[in-house]
1. If you go through region 121-155 one residue at a time, how many are acidic (Asp, Glu) and either assigned to a helix (DSSP H, G or I) or surrounded by 18 or more Cβ atoms within 10 Å (Cβ to Cβ) (or both)?
2. In the list ILE54, ILE67, ILE109, which residue meets the criterion of being on the phi < 0 side of the Ramachandran plot, in the same structural domain as LEU218 (by TED's automatic domain parsing) and aliphatic (A, V, I, L, M)?
3. Based on this model, can you work out whether ASN160 counts as over 18 Å from ILE223 (Cα atoms) and in contact with a helix residue (DSSP H, G or I) (Cβ under 7 Å, 6 or more places away or on another chain)?
4. Consider GLU81 carefully, then state whether it is at pLDDT below 90, surrounded by 17 or more Cβ atoms within 10 Å (Cβ to Cβ) and of a type in the set (Asp, Glu).
5. Filter region 162-173 for residues that are in contact (Cβ under 8 Å) with a residue 40 or more places away in the chain and surrounded by fewer than 18 Cβ atoms within 10 Å (Cβ to Cβ) and give the result.
6. Mind checking which residues of region 133-167 are of a type in the set (Lys, Arg) and over 30 Å from TYR35 (Cα atoms)?
7. Of the residues LYS174, LYS158, LYS214, which single one is assigned to a helix (DSSP H, G or I), closer than 23 Å to LEU118 by Cα and at pLDDT 75 or above?
8. Would you check if there is a residue in region 64-81 being in a loop (DSSP other than H, G, I, E, B) and more than 27 Å from the chain's Cα centre (by Cα)?
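The values are calculated or read from the model by the stated rules, or taken from the named source; none is laboratory data. Because the structure is a prediction, the values reported are computed rather than measured. As a convention, Cβ positions derive from the backbone with ideal geometry for all residues, glycine included, and neighbour counts pool all protein chains shown.
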Amino acid sequence: MQLTTTQLQQVSNWIANQKITDFDSFGRKDKKHLYYDIQCEMTDHVASNIEDVIQTENKSFSEAFEIAKQKWNVSELQKLEQAKEKALKSKYTKLYFSAFKKLFLSPRILYVFLVGILIFKLLMIDEFWFSQVKFVVSIGCLFFGLGLILLNMYQTEKINGTQNRFLLNSISFKIIAVLTGLNAVITNFAFNFFVEPMNSFNTETYDFFTNSIKLSILLTLMICNVTLVYFVIHKQLKADLKRYVISYSN
């Protein structure tokens, strides 16, 4: 049995009115409606569930609808949205590591070596350039990452327009932020752990050559990271967002 348009609208309205627990920007608990794409998927799930109950248990629409409401309570709806969010984040994380692997297994690795050699040559000029190159590359990657987060937020809002809230739109900039933020944290830790600081107390024992190699490797990896996040993750997210919004808006 197929539900009528009126019955489907009842299901859709019920899903749209459900609220789940969420956390705002300050970590405070809040109640929010399901994302629009989750509402669409759940409307299909609940409608199918109602149709099955009507056919197998010989129930009326109202009775089957009540059974479906108990099955798909707020807790279950929240689990489904969280699972969907986790799956989307996992998709782009895997894409990132896959792109990193392909980069180092493709002829493009030559460009990485060239960048690393260039940075190494600059570091080896003298002590002044050693500090300057480290500062410029680190700050440059940091601002590029922050700029990419803002650009992604702007494009996400532009693609979504004034339409409903979509899950991928909401978590898109978070994906970019995690990939750039974790890189900054890990690289900073590596700087402190692997590269010996240069100061007036170790001028005679300081190994300029070895530390230049270590630092050039770290800076090259940092540049590779922001490059991959932009050309692979950011561009893929932008394309997916357009298809995502269109598919759920039709």
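1. 1
2. None of the other options fit; the residue is ILE109.
3. Against the criterion (over 18 Å from ILE223 (Cα atoms) and in contact with a helix residue (DSSP H, G or I) (Cβ under 7 Å, 6 or more places away or on another chain)), ASN160 qualifies.
4. Yes: the conditions hold for GLU81.
5. GLN163, ASN164, ARG165, SER170
6. Hit for region 133-167 is LYS134, nothing else.
7. None of the other options fit; the residue is LYS214.
8. Within region 64-81, one or more residues are in a loop (DSSP other than H, G, I, E, B) and more than 27 Å from the chain's Cα centre (by Cα).
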